[in-house]
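The structure appears below as structure tokens.
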Amino acid sequence: MKTNLFFLLNFFLLVSNLFSWTWPISNSNSPNDSDTITSPFGPRLLDNQYNFHKGIDIHANENTDVHAAYSGSLVVAEYQGGNTGGIVSISDGTQKTVYMHLNSWTNLVPGSYIGEGDWIGQSGGTGAGANDPHLHFEYRDGTNHELHPLMVMPYNDNDNCQTEMLEDDNRDWKFRLKVPSDELDIDYFFLDFEYYDGYGTVFEELYVDYSFRENIPTTSGQNSINVLNGNWTMTVHTHNFHPSHTDQIVDFQFTSNSPDIYMITVEGDFYTAKDVWDGSLGFYNFPTHADDFVISNNLNLIHQNHPNPFNPSTTISYSLADNIKNPKIEIYNIKGQLVRALELPEEQGANTVNWDGRNKQDNPVSSGVYLYRLVNDGKAVQSRKMMMLK
């Protein structure tokens with residue numbers, strides 16, 4: 001699934017970037033102060049209610065000239081009333097641009113050619129929950145599905161998204177995604193989970209995609225959905241912001257749906273609409289609680305090392321349960337050769353061990369992928385991969 005979606009995103013970008021795009025308010029090939037985004041694509045709060053925004057809002061005083069972002073044939077130019085107001089849409093057969101909340105619009109007939117940068121109307125004052133007048137701009141594919149407009153609009157990606165863990169209880173936890181005002185365009189992310197489901201450890205990946213509406217609430221008024229086979233509920237909390245002086249902030253909260261399910265580790269990568277890696281939640285190892293169901297006392301586990309990649313050393317977390325005998329962590333290179341064996345104390349519960357990046361001859365190992373496994377009583381319990389990167 002991840003590969004196919006990556007392909008689709010890159011395909012759209014490749015095709016679209018073969019042609020020129022223009023910002024509809026400034027009529028420029030790069031955004032300036034006239035192109036302030038007052039509401040982003042994706043989840044947002046609208047009049048204190050959750051809403052999935054299918055385009056971007058660009059600040060524009062009433063009667064500001066609006067220009068075609070991309071060339072094509074005129075599909076519609078008319079007044080539709082309500083919050084929409086005047087609307088213009090233009091299509092080249094494979095993609096479409098849509099402009100809403102207009103006071104006036106072109107008098108050309110449908111089917112007429114409109115070039116990039118051509119005047120198509122003037123902005124108005126409609127738009128639900130608008131703090132100030134704006135143009136609502138959408139980018140759609142050939143099936144009329146709304147995608148992230150910043151997949152195609154020209155601008156510089158500053159690659160400085162930030163994440164932080166807000167709550168660290170392994171049954172109810174939350175992380176924050178902060179997008180600085182000059183970034184504007186978080187679109188999708190991957191979370192790698194390791195959790196205990198009452199029987200053993202489960203490894204799953206959650207892919208959250210705004211453009212293709214995968215694993216994200218889209219029903220008006222709803223801000224949570226069940227994910228990971230229904231084992232967890234993800235709730236999206238958005239914060240009001242204005243790009244000229246505040247960051248866009250979205251909190252993602254996860255709550256266990258069963259008394260026997262506990263999060264163990266999580267790590268995440270975040271990407272912009274232009275398919276550029278923005279930042280990482282990194283590896284996070286959740287604590288267990290003495291007055292709660294203690295995961296580490298129920299089975300033998302080995303967790304992902306941290307940091308990973310690493311240089312020169314890394315820490316490996318593990319847990320030992322009953323029947324402990326000669327426990328150790330064995331480290332192998334990709335050829336299957338034993339590099340180092342780390343002897344572990346015969347103690348029940350959670351613990352950590354440090355590997356200094358040296359082999360059994362006490363020489364530094366080279367960069368590359370290494371396999372490590374937990375061994376108890378001569379039997380391999382669990383294996384993982386890690387990377388030395390010099």
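Read-outs throughout are calculated quantities, based only on the coordinates presented, and are distinct from any laboratory measurement. Predicted, not measured: the structure shown is a model, and the values here were computed from it. So basically every Cβ, Gly included, is an ideal-geometry build from the backbone, and we count neighbours across all protein chains shown.
Could you calculate the contour length gain from Ser280 to Ser30, that is, 0.36 nm times the residue separation minus the distance between their Cα atoms, to one decimal place in nm? This chain segment gains 87.2 nm when fully extended. Exposure proxy ranking for Glu330, Glu164, based on other Cβ atoms within 10 angstrom of each Cβ and starting from the fewest, stands as Glu164, Glu330. By the count of neighbouring beta-carbon atoms within 10 Å, fewest first, Tyr155, Tyr210, Tyr332 end up ordered Tyr332, Tyr155, Tyr210. Can you tell me the relative contact order of the chain? Whole percent, Cα pairs under 8 Å, sequence separation 6 or more. This gives 12 percent for the chain.
Roughly speaking, what is the centre-to-centre gap between segment 68-88 and segment 208-258 when only Cα atoms are used, to the nearest Å? A separation of 30 Å, based on Cα centres.
With viscosity 0.692 mPa s and temperature 37 °C, the Kirkwood radius over alpha carbon pairs of segment 162-285 converts through Stokes-Einstein to a diffusion coefficient of 218 µm²/s. Per residue, the chain reaches -1500 deg cm²/dmol at 222 nm when only DSSP H runs of four or more residues are counted, each adding -39500 (n - 2.57). Between Lys360 and Val109, what is the spin-label point distance in nm, taking each point 7 Å from the Cα along the Cα→C-beta axis? It works out to 8.6 nm between the two label points. As a length-normalised measure over Cα pairs under 8 Å and 6 or more apart, the relative contact order of segment 295-388 settles at 33 percent. Over all other residues within a Cβ to Cβ distance under 9 Å of Ile324, the charged ones net out to -3, with Lys and Arg as +1 and Asp and Glu as -1. Counting every other Cβ atom within 10 Å of each residue's Cβ, Phe41, Phe310 order from fewest to most as Phe310, Phe41. Relative to the longest principal axis of the Cα atoms of the chain, the long axis of helix 2-16 makes an angle of roughly 30 degrees.
Assuming 0.36 nm per residue, please report the length gained on full extension of the stretch Thr233 to Lys328 beyond their Cα-Cα distance. Spell out each step's value before the answer.
Details: separation 95, 0.36 × 95 = 34.20 nm, distance 3.63 nm.
Full-extension gain reported as 30.6 nm.
Sequence-distant contacts, meaning Cα pairs under 8 Å at least 6 residues apart, place the relative contact order of segment 162-285 at 32 percent.
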